[in-house]
Amino acid sequence: MKVIEKVSSFAGKTFTLWVLLFAVIAYLAPDHFTWIGGYVVPLLGLVMFGMGLTISAADFKEVFRRPKDVALGVIGHYLVMPLLAFLLAYLLKLPPEIAVGVILVGCCPSGTASNVMVFLARGDVALAVAIASVSTLLAPIVTPLLILLLASKWVDINIWSLFVSIIQVVIIPLALGFIVKKFFGKQAEAGAKALPLVSVVAIVMIVSGVVAGSQAKLATAGPIIFAVVVLHNVLGFLLGFFFARLCGMDLAKQKAVAMEVGMQNSGLGVAIATAHFSPLAAVPSAIFSVWHNLSGSVLASIFSRMRGKKEQVDEHKMSS
């Protein structure tokens, strides 16, 4: 078990490298990876089941302890990223498939890696976990409504099928993971040690399948999609940070909200695009899943050097 734990830890730390490597391989040899396209939904379900194994009732205590902060974080998440996606798609006159893909990723709940980034940033981790948990539970209702509102300009939207997909891909696997942890605690704890490895393999497969399935169109549309994804993510971080500041939050909370706003559950975007739209519509989410881990790590490094007034006072007390 210790070997699996070490391998799993290594895979988690080098996640971005593996995604990039296999994305390139899938682009150069798509025939070997196109079959994965049919398994995107169960693969994401596996990732969400693993996430369910790590969730506990304690994660929701902050919702009742600090309802205002959590509510503001969730509102910021579902306000900033969807509106940014729509504006970028509209102002840049993106082709319909790409526009829908950008809006899809913008309407997804908070990303699974954001809590780690908040920890590295010396932010308010408890608040970040609560925002991510609530945004995920609200996703079956909020995400389809936002997609209907913002993407209808480009394609016809079946809101009921989107609702059912998100229940199947997110809520049911999460609930199953939570139930398994509740009734099989020791086994779940042991299994959780292999989660980073399982998640990395699943996400690498998802991204590879998307890249292979849209290889021909990526050759021409790739640069514009990458540029939009970078702009979307960076603006999301900035607006999330200043949104929290405008709401009167302290620096630790600002860091948490910035990360929770700017990082998306892009795997869900891939699953929705693959099931309901087209392989090309899944590309923005696939690129986002790689990019936001890179940008999030850089931002966490910058944030970790920033100190709020309370931290400065505490450091001064310790040194005197």
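The values are calculated or read from the model by the stated rules, or taken from the named source; none is laboratory data. This one's a predicted model, so the numbers in the text were calculated from it and none came from an experiment. Virtual Cβ from ideal backbone geometry, glycine too; neighbours counted across all protein chains shown. Surface areas here come from the heavy atoms of the whole protein model, side chains and all, with no ligands, DNA or RNA. Shrake-Rupley method; radii C 1.70, N 1.55, O 1.52, S 1.80 Å.
Basic side chains Lys and Arg get +1 at the Cβ, acidic Asp and Glu get -1 at the Cβ, and with that the dipole of region 120-267 about its Cα centre reaches some 240 debye. Taking the square roots of five times each eigenvalue of the Cα gyration tensor of region 1-129, the equivalent ellipsoid has semi-axes of 29, 26, 14 Å, listed largest first. Rounded to the nearest 20, the Cβ-based charge dipole of the chain about its Cα centre (Lys and Arg +1, Asp and Glu -1) stands at 720 debye. With N as its number of residues, the chain has a Cα radius of gyration that, divided by 2.2 N^0.38 Å, comes to 0.97. Rounded to the nearest Hz, the phi-derived 3J(HN,Hα) couplings of region 261-278 under the Karplus curve 6.51 cos²θ - 1.76 cosθ + 1.60 (θ = phi - 60°) are 6, x, 9, 10, 7, 5, x, 5, x, 4, 4, 5, 4, 5, 6, 10, 10, 8, where x marks glycine and proline. Overall size of region 29-83 from C-alpha positions, given as principal axis extents largest first: 51, 32, 14 Å. Each part reduced to its alpha carbon centroid, region 61-118 and region 143-185 end up 15 Å apart.
Relative to one another, the C-alpha centroids of region 21-59 and region 222-278 are positioned 20 Å apart. Per-residue accessible area (protein heavy atoms, 1.4 Å probe) orders T220, T16, T54 as T220, T54, T16, starting from the largest.
Between amide H atoms placed 1.01 Å from N, distances below 5 Å from Q264 occur with G111, all of them 5 or more places distant or on a separate chain. Taken per residue, the accessible surface of the chain reaches 47 Å², heavy atoms only and a 1.4 Å probe.
Fully extending the segment from N158 to R65, taken as 0.36 nm per residue of separation minus the present Cα-Cα distance, adds 29.8 nm. Converting the Cα gyration tensor eigenvalues of region 174-290 into ellipsoid dimensions via √(5λ) gives semi-axes, longest first, of 28, 26, 11 Å.
As a size descriptor, the averaged projected area of the C-alpha convex hull of region 87-217 was calculated at 10.3 nm². Based on Cα contacts under 8 Å between residues 6+ apart, the chain shows a relative contact order of 34 percent.
Across region 129-169, the fraction of Cα-Cα pairs farther apart than 12 Å, rounded to a whole number, is 59%.
With a cut-off of 9 Å between beta carbons, the residues surrounding I131 carry a summed charge of -3, where Lys and Arg count +1 and Asp and Glu -1. Among S214, T112, V270, which residue has its Cα furthest toward the positive end of the charge dipole of the chain, with +1 on Lys/Arg Cβ and -1 on Asp/Glu Cβ? Selected residue: T112. For region 234-298, the spherically averaged projection of the C-alpha convex hull amounts to 4.7 nm².
When all alpha carbon pairs of region 57-137 are counted in 5 Å bins from zero, the resulting P(r) reads 3, 16, 21, 20, 15, 11, 8, 5, 1 %. Mean projection of the Cα convex hull over all viewing directions, computed for region 204-268: 5.3 nm².
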